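The structure under discussion appears below in the form of structure tokens.
The values are calculated or read from the model by the stated rules, or taken from the named source; none is laboratory data. This structure is a prediction, so every number in the text was calculated from the model and none was measured. Using ideal geometry, Cβ is built from the backbone for each residue, glycine included, and neighbour counts are taken over all protein chains shown. For accessibility, only protein heavy atoms count, side chains too; no ligands or nucleic acids. Shrake-Rupley method; radii C 1.70, N 1.55, O 1.52, S 1.80 Å.
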Amino acid sequence: MAEKHRVRFEPVGIEIDVDEDTTILRAAAEQGVMLMHGCKEGQCAACKSFLLDGDDVEHDRYSTFALPDYEKEEGFTLLCRAHAYEDLTIELLNYDEEMIQSGLPIQEADVEVVSNENVTHDLRHLVVRLDGDLKFFPGQYLDFAIPGTEETRSFSMANTSARDGLLEFVIKVYPDGLFSRFLATEVAVGDRLRVTGPFGVFTLRDNPGAGLVFVGGGAGMAPILSLLRSMAERGIDRKAVFYYGARRRRDLCFETELRALEAKLPGFRYVPALSEPGDDDWAGETGFVTDVLRRAGADLTGADAYVCGPPPMVEAALELLPALGVDGKRVFYDKFTTTGEG
Ligand SMILES: Cc1cc2nc3c(=O)[nH]c(=O)nc-3n(C[C@H](O)[C@H](O)[C@H](O)COP(=O)(O)OP(=O)(O)OC[C@H]3O[C@@H](n4cnc5c(N)ncnc54)[C@H](O)[C@@H]3O)c2cc1C
Ligand code: FES
């Protein structure tokens, strides 16, 4: 059995035990400590931290864009790739005080496919039934094992709890995507899949009275829908706008439900934007979703922002939101990185 070492995180003073076979990020999640992360594959740098004490650390394969050699030499590490071979003290460069100790220990579970339907030409709505129980916060995600491989892919829940035993996902189909192609061409009702989770810190922070702005694109619909549905269930009527970017009208989904949420939550507005409306019959907003947000000219001082979708859209929103008045620490995001991008 692999040896265990003690890892202490500063400045929060939390300690965990990590065995040599497990990455520090994974060991923390297993012990209910939610550290900042994104891809979990050494590509995005969201988990980058600094070794204050101890240096016997081995890294699994990672991108030198995320951790250039000179930074590694200075003592930086990627927690999603790092294995501890001695006791360590690590400075977290990025953490969320509200979330760090609220993590639910991760579990593995089998699920059975209940439905697997298209909601647009390239987005699938997957519903699965759990064997047993799995607690998660709206906005979190699970890792799906891809049968016959060692690979996993992350997908965010679109529903708010597994009380009724069901989990819902919105999954983008890439023609040559390892999981999504399998989902689109092979997965049938009744099939069984293996999941692990929950992971993630894209959860609704308590901030009564503060406005909310959601910016999403593509499958980024999933966790934002989960957050909006949870607001409706809990009667949270904060002033909120959801800017959703799509190419064409045929890429829009869950429209009826989002309009119903507007009726249920009087402070909520849904603003879809098409970047390539072509000859679609469309009287709504046009352009990239971030341009639509900029044009809206709202003063977002004091608001909380939630951004989710393809990495270029997330990057553009992260640049724009502080310019519109959102405190950088109040911008929460999940970048839907794929295996080919950082
Ligand atoms: C926190 C988190 C939450 C997420 N939630 C969701 C969600 O709710 N819904 C959702 O749809 N997605 C979500 N994603 C993204 C998801 O995990 C997958 O990465 C994505 O769906 C692609 O998986 P795939 O196996 O279908 O395709 P992949 O096999 O990963 O391929 C995707 C694309 O990248 C290309 N590609 C693969 N490898 C390379 C390479 N080495 N170089 C260049 N190109 C390459 C492929 O050709 C294909 O076009 C999330 C990601 C994260 C990090
Ligand atoms: S989570 Fe570690 S590099 Fe992306």
Residue ID - modelled with the lowest pLDDT, chosen from residues in the range 235-252 that are closer than 17 Å to Leu212 by Cα and open to solvent by 30 Å² or more (accessible area, probe 1.4 Å): Asp237
Quick check on the range 315-342: of everything there that is more than 25 Å from Asp237 (Cα to Cα) and touching a residue at least 60 places away in the same chain (Cβ under 8 Å), which residue is farthest from ligand 1 (Cβ to nearest atom)? Gly342
Suppose we filter Arg229, Arg247 for residues that are within 16 Å of ligand 1 (Cβ to nearest atom), charged (D, E, K, R) and under 16 Å from Thr160 (Cβ atoms); which single one remains? Arg229
Which of the strands (runs of 3 or more DSSP E) contained wholly in the range 253-342 include at least 1 residues that are open to solvent by 60 Å² or more (accessible area, probe 1.4 Å)? 268-274, 331-335
For a quick check of your reading of the model, give me the residue pairs whose first member lies in the range 234-261 and is closer than 18 Å to Pro310 by Cβ, whose second is among the polar types (S, T, N, Q) and not in a helix (DSSP H, G or I), with beta-carbon atoms closer than 7 Å and at least 6 apart or on different chains. Gly245/Ser275; Arg247/Ser275; Arg250/Thr120; Asp251/Thr120; Cys253/Thr120
Looking at the range 187-199, can you tell me whether even one residue there is open to solvent by 10 Å² or more (accessible area, probe 1.4 Å), within 16 Å of ligand 1 (Cβ to nearest atom), assigned by TED's automatic domain parsing to the domain that holds Leu130 and not in a strand (DSSP E or B)? yes
Residues of the range 151-178 being small (Gly, Ala, Ser) and more than 17 Å from Cys308 (Cα to Cα), in sequence order, are Ser161, Ala162, Gly165, Gly177
Using the structure shown, decide if Asp69 is closer than 30 Å to Arg194 by Cα and open to solvent by 30 Å² or more (accessible area, probe 1.4 Å). no
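Conditions (1) touching a Pro at 6+ places or on another chain (Cβ under 6 Å); (2) open to solvent by 20 Å² or more (accessible area, probe 1.4 Å); (3) not in a helix (DSSP H, G or I), marked per residue:
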| residue | (1), (2), (3) |
| --- | --- |
| Asn207 | no, yes, yes |
| Gly216 | no, no, yes |
| Gly220 | no, no, no |
| Pro223 | no, no, no |
| Ser230 | yes, no, no |
| Glu233 | no, yes, no |
Count, please, the residues in the range 107-121 that happen to be buried (at least 18 other Cβ atoms within 10 Å of the Cβ) and assigned to a strand (DSSP E or B). 3
